[in-house]
Amino acid sequence: MTSPPPRSSPGAASAHALAPTPAGLACAAAGLVIDPLRPVARALVTHGHSDHARPGHGAVMATAETLAIMEARLGPNFAGSTQVAAYGEPVRIGEATVTFLPAGHVLGSAQILIEAAGRRYVVSGDYKRQTDPTCLPFEPIPCDVFVTEATFGLPVFRHPEAAAEVGRLLRSVALFPDRTHLVGAYALGKAQRLIAELRRAGYERPIYLHGALVAICALYEEAGVSLGPLVPVGAKREPLAGEIVIAPPSALGDLWSRRFADPVTAFASGWMRVRAHARQRGVELPLVVSDHADWEDLCTTIVETAAAEVWVTHGEEDALVHWCGTRGIAAKPLRLVGYGDEGEAEPPPAGPGAASAEAATDGGVDGSPEAGAAS
Ligand SMILES: [Zn+2]
Ligand SMILES: [Zn+2]
């Protein structure tokens, strides 16, 4: 692929202060690695999803919320030492200055600005631009090099407003009062965002939780995110007709889900834009709710950062790199293997390539919100 010259050429040939290594994206001048894939002496962690927040590092710097999430999920000894990063407060580390800024992805999620060797690097982690009542909004940061994900980096991915998707869920609940609405949602971030959106829409009934969601919901509450009445689903059979039950996606198809009254199976994920994914999972009510930027937001964000260079960590790298080329922005895939194990960075088991191959031809990617419904 040929790329036009980068927007700013001075110094473009000089070595970068940030570089991909087997352990992850590293800044040698500060002796740190961002979201390390293997244990390192000093880690900066963007957010609490397990593909970014791993145990076993010497020192971990992250927001207070991310540190709390790591402790809840990994135990009290997840790192040798910890340091709280406050949003917007620059900290000098070695030859670099490091600043955490909101990423709008999940509670405590951050982009990390590294200023070193005369350049500004922003590592965005996972991020989104849609409003989310459970975390601070993403802020575009002017920089020389913008490091982005590309989970939904294809033009077919357009995420509707979460409120509209929650409205569809509530209409289904009203339409089928004898059925349990069993909603699959990732345990960290998506589940809490769905609950908060249901409350914003005026839904005041108790919301029932699979046991895997209880601790993280409590942590959000402690951090000041109000989720309303939540009830853990008990050990014995409870049909819960007419109620909303939220469970991790893995629980949707297993024995656990058979206790409910004629359940309507829903799943909240950006992948629900692709009909094949909903069909494969046996999802009756696909809800297109994502904690990642869609195609348009990825492109808008790149433009807003005014970065001369874009590095793509994971997802649909090639499409985004190509788009950057058409805009005269130098871009390259980093192909950092290991991100995308949690949240929704990994497509549901419709198989690799399903998004690109099927989304383009399947009616499920455009038209009415119901177009993605499997029947
Ligand atoms: Zn994530
Ligand atoms: Zn991720």
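The values are calculated or read from the model by the stated rules, or taken from the named source; none is laboratory data. Computed from a predicted model, the values in this text were never measured in an experiment. Don't worry about glycine lacking a Cβ; one is built from the backbone with ideal geometry, like all the others, and counts go over all protein chains shown. Note: accessible area is taken over every heavy atom of the protein model, side chains too, but ligands, DNA and RNA are not part of it. Shrake-Rupley method; radii C 1.70, N 1.55, O 1.52, S 1.80 Å.
Of note:
- Meets criteria (within 16 Å of ligand 2 (Cβ to nearest atom) and within 19 Å of Trp311 (Cα to Cα)) for Gly153: yes
- Checked against the criterion of being at pLDDT below 95 and more than 16 Å from ligand 1 (Cβ to nearest atom), the candidates Gly282, Gly343 yield just one match: Gly282.
- Of all residues in region 242-252 being open to solvent by 10 Å² or more (accessible area, probe 1.4 Å) and under 21 Å from the mean Cα position of the chain (by Cα), the one that is modelled with the highest pLDDT: Pro248
- For region 45-88, a residue qualifies if it is among the polar types (S, T, N, Q), closer than 17 Å to Gly104 by Cβ and within 13 Å of ligand 1 (Cβ to nearest atom), and the qualifying residues are Thr46, Thr66.
- Residue match in region 253-264 (condition: assigned by the TED database to the domain that holds His181, assigned to a strand (DSSP E or B) and either buried (at least 21 other Cβ atoms within 10 Å of the Cβ) or over 17 Å from the mean Cα position of the chain (by Cα) (or both)): yes
- Total residues in region 186-202, condition within 16 Å of ligand 2 (Cβ to nearest atom) and either at pLDDT below 95 or part of a loop (DSSP other than H, G, I, E, B) (or both): 4
- Scanning region 19-41 for residues that are more than 23 Å from the chain's Cα centre (by Cα) and part of a loop (DSSP other than H, G, I, E, B), we see that the one that is surrounded by the fewest Cβ atoms within 10 Å (Cβ to Cβ) is Ala41.
- Within the set Val91, Val84, Val123, the sole residue that is modelled with pLDDT of 95 or more and under 23 Å from Trp311 (Cα atoms) turns out to be Val123.
- When the residues of region 42-69 are filtered to those that are part of a helix (DSSP H, G or I) and buried (at least 24 other Cβ atoms within 10 Å of the Cβ), the one that is farthest from ligand 2 (Cβ to nearest atom) is Glu65.
- Test: Val106 is within 20 Å of the chain's Cα centre (by Cα) and either hydroxyl-bearing (Ser, Thr, Tyr) or not in a loop (DSSP other than H, G, I, E, B) (or both): no
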